[in-house]
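Colleague: One structure is given below, represented as structure tokens, and several questions about it will come after.
The values are calculated or read from the model by the stated rules, or taken from the named source; none is laboratory data. Being a predicted model, the structure only gives us computed values, none of them experimental. Cβ: placed from backbone, ideal geometry, glycine included. Neighbour counts: every protein chain shown.
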């Protein structure tokens with residue numbers, strides 16, 4: 001069948017437009033009339049973020065709602081029909097804060113996964129700081145709360161409680177505002193304007209450096225490991241609209257792109273520095289540390305931190321603030337080189353949870369210290385610390 005309308009072929013960034021649902025400035029592919037080569041309408045298109053956003057308004061659906069437009073030969077150029085230029089910007093609508101407090105049990109599948117990595121104090125802080133809640137099905141709710149503590153929406157996602165991976169086969173992403181609209185609790189013309197996940201924490205922690213990542217999961221895992229930053233999530237690689245980031249004016253921002261997003265975020269950082277007016281640093285940890293397979297799998301900083309959870313090297317790579325301190329030896333036993341095995345060294349854990357790792361191969365005079373809550377175990381090294389054996393140093 002020869003259809004009259006088709007999705008516009010990619011011809012650079014100028015051929016991608018602002019999505020009316022997620023607000024990404026370069027995510028919408030418009031349907032065009034093959035006869036005139038003009039777009040049907042700024043609202044008639046498909047968002048490239050199929051899993052995160054899912055917006056799709058094909059011509060048939062558009063003309064059902066706007067029959068008066070059928071058959072119109074649009075003479076406007078594509079640039080004249082950009083959604084950001086034709087749609088008047090409206091003030092965002094908000095969800096009553098009482099909706100956020102209905103689900104008081106934070107024990108979602110996602111929280112169960114985090115509990116495998118972090119202690120209860122860290123979990124409690126994450127739940128309280130980020131207002132994490134859960135649906136009756138055990139799905140986590142990531143609330144989007146803006147700087148003035150107003151609720152924009154909530155993102156509902158299901159995770160495996162063991163692996164921490166999204167369970168895409170049992171349902172995609174759902175949204176609180178969309179659910180409430182179906183229930184008649186919000187008007188059909190509810191105007192969603194998304195904000196950064198964790199944005200409300202900018203007011204709580206005004207002096208902290210901002211760390212910006214793509215996903216909500218990444219922000220939470222990283223916040224548990226590095227609470228000295230305030231971790232925010234954009235919701236996706238291309239969700240870096242200037243309007244959304246204006247709230248970061250005057251702040252120092254460290255951006256942590258996923259393994260496949262370094263170049264895109266490095267380029268976007270240049271625009272953010274000028275348009276927003278903030279200090280921006282783009283981390284190259286994954287760009288340098290991730291393998292080709294990692295980049296192919298599009299791992300993020302959370303994947304890397306989880307993998308390195310028991311390896312203090314992760315801390316050293318992200319912030320070079322380790323101090324050198326001598327500590328007494330637990331014994332006079334020296335490392336031995338065995339045939340077919342790597343040379344072994346000894347790392348030490350004190351009773352207060354401080355991990356000491358030698359500063360040079362076979363050296364046990366000065367140590368890097370990592371003030372973390374480490375489990376007193378002698379078995380973790382077999383999997384995670386390939387060149388170290390861990391000993392518990394007791395007073």
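Colleague: Taking residue 167, is it assigned by TED's automatic domain parsing to the domain that holds residue 247 and under 30 Å from residue 246 (Cβ atoms)?
Modeller: Taking the combined requirement at face value, the residue does not satisfy it.
Colleague: Continuing with this model, one more query. What pairs come up if the first residue lies in the stretch 273-299 and is within 23 Å of residue 242 (Cβ to Cβ), the second is surrounded by 15 or more Cβ atoms within 10 Å (Cβ to Cβ) and modelled with pLDDT under 85, and their beta carbons are under 8 Å apart, counting only those six or more places apart or on different chains?
Modeller: So the pair list comes out as 283/318.
Colleague: Same structure, new question: Identify, please: which residue in the stretch 49-75 is surrounded by 11 or more Cβ atoms within 10 Å (Cβ to Cβ) and at pLDDT below 75 and is, among those, nearest to residue 192 (Cα to Cα)?
Modeller: Among those residues, the one meeting the criterion is 52.
Colleague: Suppose the filter is surrounded by fewer than 22 Cβ atoms within 10 Å (Cβ to Cβ), in contact with a strand residue (DSSP E or B) (Cβ under 9 Å, 6 or more places away or on another chain) and more than 14 Å from residue 283 (Cα to Cα); does residue 230 pass it?
Modeller: no
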